[in-house]
Number of protein chains: 2
Amino acid sequence: MSVDSRRPRVGIIGTGAIGGFYGLMLARAGYDVHFLLRSEFDTVAREGLQVKSAVHGELSLKPVQAYRSAAEMPPCDWLLVGTKSTGNAALGPIIRQAAAPDASVLLLQNGLAVEDQLRNVLPDSLHILGGLCFVCVNRVAPGVVAHEAFGAVSIGYHSGPANDEARRMAIVEACAALFKTAGIDAPVMANLQQARWQKLVWNVPYNGLSALLQTSTGRLMADPDSQALIRALMEEVVQGAEACGHTLPPGFAQHLFAVTESMPDYRPSMYHDLAEKRPLELEAIYARPLAAALAAGFDMPRVRALYQALAFIDRGNRPASEE
Amino acid sequence: MSVDSRRPRVGIIGTGAIGGFYGLMLARAGYDVHFLLRSEFDTVAREGLQVKSAVHGELSLKPVQAYRSAAEMPPCDWLLVGTKSTGNAALGPIIRQAAAPDASVLLLQNGLAVEDQLRNVLPDSLHILGGLCFVCVNRVAPGVVAHEAFGAVSIGYHSGPANDEARRMAIVEACAALFKTAGIDAPVMANLQQARWQKLVWNVPYNGLSALLQTSTGRLMADPDSQALIRALMEEVVQGAEACGHTLPPGFAQHLFAVTESMPDYRPSMYHDLAEKRPLELEAIYARPLAAALAAGFDMPRVRALYQALAFIDRGNRPASEE
């Protein structure tokens, strides 16, 4: 594997399943990767990071350039943000401390308008890119990520100092090159909003139903009633996207359905968030798409019902101290 | 309390919360009541029945005329059926054994078309009446029922040898008189199908959501998202009823919503069915109303989504031997 001569410095903000997986892959490809951690700092500083991958085998990184605080990190050219979208409003100071003056911040999150939240708390000098991860990963223990399938990251430019299209594409291409060097497919997205809607066609049914019904994709795909519900939810999201001006490729929902049928059994992140009593990413994955579609004149009744049920569960799922 | 001179004989088929409550009330009013039991026979034969009522205080009946088998019961003039609708297809032989030749069978169940199922397995000589219970009761231990609120039974004629309206009304009035003598309000329903749809406006949201979200009416009514979901589900059922030709009273859903707000905290039967791994009454409360409305040209998207989620849960909730 080759390494850029300049050896870009990459910061990982939030070393969970997503941050841990991509950070380790980039570090193994020779990039200078620095990891910000909280509760898992001690374990990772002592034992390193591991990815148990069904695709790549058992991978490990040791020692890890691990930090407890963004203030201790060197200025990074690229920041990959793998935290939950529920915490985006608080990311401003963290990212400012870890970013080089003209850094690019790649937000590896699901849902709509997550970049807008970040834009509000970051200086204009930083580029914000959106990244959509098509990957099945789970954090199985401190510093240990299980990688079950796929891996691609689709990347698009959101906002920042690059005002002309050529400059924006150059930054997106440079970001994609980082991943490609590490053996990760990284398509460039011409239309970030449309791509976010396309990802929602998967996230809306599978994330929500896995949490609501306490189950995995395999069981959801094996039951005729949950199958029918998934198809109906997907269809609503496709219609919501169209109402918002995004014409998805023909047969797109059916394609995602078929991909999921052939996928290994998987518990999406919202299942784990519920089980571990973390806030669910309901704003980004449900509330904002619902509001956007409704503003365009289209309600998504089943999506809204699912959102309301999840909001009820989420409210009752917080540790007592947060209530 | 007065007793009819002829002293009608009443059989209770299924002595759970509903059968236990009404059977005990009728027996205490002086009727000759005989109770069919299964798993709770020994306890009830030995210790009697108890109703711990927030309305009437602590009531008990001892000894109880209890039976393990319908074949041992004397011929009853009235049969009150309080079993789960999921078992209706198997009720034919049981009811035939316990019924006097011209008996009336009052089916105390929720949902649509439950009487049709029973009609298919009973001789033409028996009258079938439908009863809608507006009561908060729960079986809290073998032979012990908690009665938390309300109590009325609305009664309508379904089918049988009474071919003219006067005769049908006479039977319904006689049935209502049984309950009224026992201090239970028993309105007569002119239109059983419409009344069943009206009851569904309550059952569809509260039964299903209490099971799906593992919660009680009080918590559902305290959360803005579940409140909104309840209102949306109610509205769909009202529209489904209208599609099927039943115009509900203006403001009916809002009325039920307000009644539930003022009710003591309650866990509907489907919550308990799920918790105790009994089959959920999805056919009667969801599948048949959905099919009836769809046949009339109206889909109920949120009701269908709720049904599909519950069907998924129900399938995974059976004891291993049933799978």
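Among the residues of the stretch A:70-115, which ones are closer than 17 Å to A:Val153 by Cβ and small (Gly, Ala, Ser)? Result: A:Gly82, A:Ser85, A:Ser104, A:Gly111. Determine whether A:Pro264 is away from chain B (no Cβ under 12 Å), open to solvent by less than 10 Å² (accessible area, probe 1.4 Å) and more than 24 Å from B:Ala228 (Cβ to Cβ). When the stated conditions are applied, A:Pro264 does not pass them.
Mind listing just one residue for me: the one in the stretch A:208-220 that is within 11 Å of chain B (Cβ to nearest Cβ) and among the aliphatic types (A, V, I, L, M) and, of those, surrounded by the most Cβ atoms within 10 Å (Cβ to Cβ)? Filtering the stretch A:208-220 for residues that are within 11 Å of chain B (Cβ to nearest Cβ) and among the aliphatic types (A, V, I, L, M), the one surrounded by the most Cβ atoms within 10 Å (Cβ to Cβ) comes out as A:Leu209. The residue of the stretch A:6-63 that is surrounded by the fewest Cβ atoms within 10 Å (Cβ to Cβ), among those that are among the acidic types (Asp, Glu) and touching a strand residue (DSSP E or B) at 6+ places or on another chain (Cβ under 7 Å), is A:Glu58. Restricting to the stretch A:41-63, name every residue that is more than 25 Å from A:Phe134 (Cβ to Cβ) and under 22 Å from the mean Cα position of the chain (by Cα). Residues satisfying the conditions are A:Phe41, A:Val44.
Only one of the numbered conditions (1) closer than 30 Å to A:Gln198 by Cα; (2) in contact with a helix residue (DSSP H, G or I) (Cβ under 7 Å, 6 or more places away or on another chain); (3) open to solvent by less than 20 Å² (accessible area, probe 1.4 Å) is violated by A:Met73, and that is (1). Of all the residues in the stretch A:181-194, those that are more than 13 Å from A:Phe134 (Cα to Cα) and surrounded by 15 or more Cβ atoms within 10 Å (Cβ to Cβ) number 6. Do we find a residue being within 23 Å of A:Met270 (Cα to Cα) and either in contact with a strand residue (DSSP E or B) (Cβ under 8 Å, 6 or more places away or on another chain) or not in a strand (DSSP E or B) (or both) anywhere in the stretch A:179-187? No; the residues of the stretch A:179-187 include none that is within 23 Å of A:Met270 (Cα to Cα) and either in contact with a strand residue (DSSP E or B) (Cβ under 8 Å, 6 or more places away or on another chain) or not in a strand (DSSP E or B) (or both). Residues satisfying the criterion are absent from the stretch B:17-38 (criterion: within 30 Å of B:Glu283 (Cβ to Cβ), in a loop (DSSP other than H, G, I, E, B), hydroxyl-bearing (Ser, Thr, Tyr) and at pLDDT 95 or above). When B:Ala141, B:Ala98, B:Ala103 are checked against the criterion of being open to solvent by 20 Å² or more (accessible area, probe 1.4 Å), of a type in the set (Gly, Ala, Ser) and in contact with a strand residue (DSSP E or B) (Cβ under 9 Å, 6 or more places away or on another chain), a single residue qualifies: B:Ala141. Looking across the stretch B:221-238, the residues that are within 12 Å of another protein chain (Cβ to nearest Cβ) and either on the phi > 0 side of the Ramachandran plot or in contact (Cβ under 8 Å) with a residue 60 or more places away in the chain (or both) come down to B:Leu229, B:Ala232, B:Leu233, B:Glu236. Only one of the numbered conditions (1) more than 14 Å from chain A (Cβ to nearest Cβ); (2) out of contact with any strand residue (DSSP E or B) (no Cβ under 8 Å at 6 or more places or on another chain); (3) open to solvent by 70 Å² or more (accessible area, probe 1.4 Å) is not met by B:Leu294, and that is (1). Taking the conditions (1) β-branched (Val, Ile, Thr); (2) over 13 Å from the mean Cα position of the chain (by Cα); (3) crowded, with 24+ Cβ neighbours inside 10 Å in turn, B:Val81 satisfies each one other than (2). Among the residues examined, A:Asp299 qualifies as within 12 Å of chain B (Cβ to nearest Cβ), without any contact (Cβ under 8 Å) to a residue 40 or more places away in the chain and over 26 Å from B:Asp314 (Cα atoms).
The requirement of being within 11 Å of chain B (Cβ to nearest Cβ) and outside any helix (DSSP H, G or I) is fulfilled nowhere in the stretch A:198-207; no residue meets it. Is it the case, given these coordinates, that A:Gly251 is within 14 Å of another protein chain (Cβ to nearest Cβ) and of a type in the set (Gly, Ala, Ser)? For A:Gly251, the condition - within 14 Å of another protein chain (Cβ to nearest Cβ) and of a type in the set (Gly, Ala, Ser) - is not met. Checked against (1) buried (at least 22 other Cβ atoms within 10 Å of the Cβ); (2) within 14 Å of another protein chain (Cβ to nearest Cβ); (3) not basic (Lys, Arg), A:Pro289 passes all but condition (2).
Within the stretch B:112-121, the set of residues being touching a Leu at 6+ places or on another chain (Cβ under 7 Å) and surrounded by fewer than 22 Cβ atoms within 10 Å (Cβ to Cβ) comprises B:Val121 only.
The values are calculated or read from the model by the stated rules, or taken from the named source; none is laboratory data. This is a predicted model, so every value here is computed, not measured. Virtual Cβ from ideal backbone geometry, glycine too; neighbours counted across all protein chains shown. To get the accessible areas, we keep the full protein, side chains included, count just its heavy atoms, and leave off ligands, DNA and RNA. Shrake-Rupley method; radii C 1.70, N 1.55, O 1.52, S 1.80 Å.
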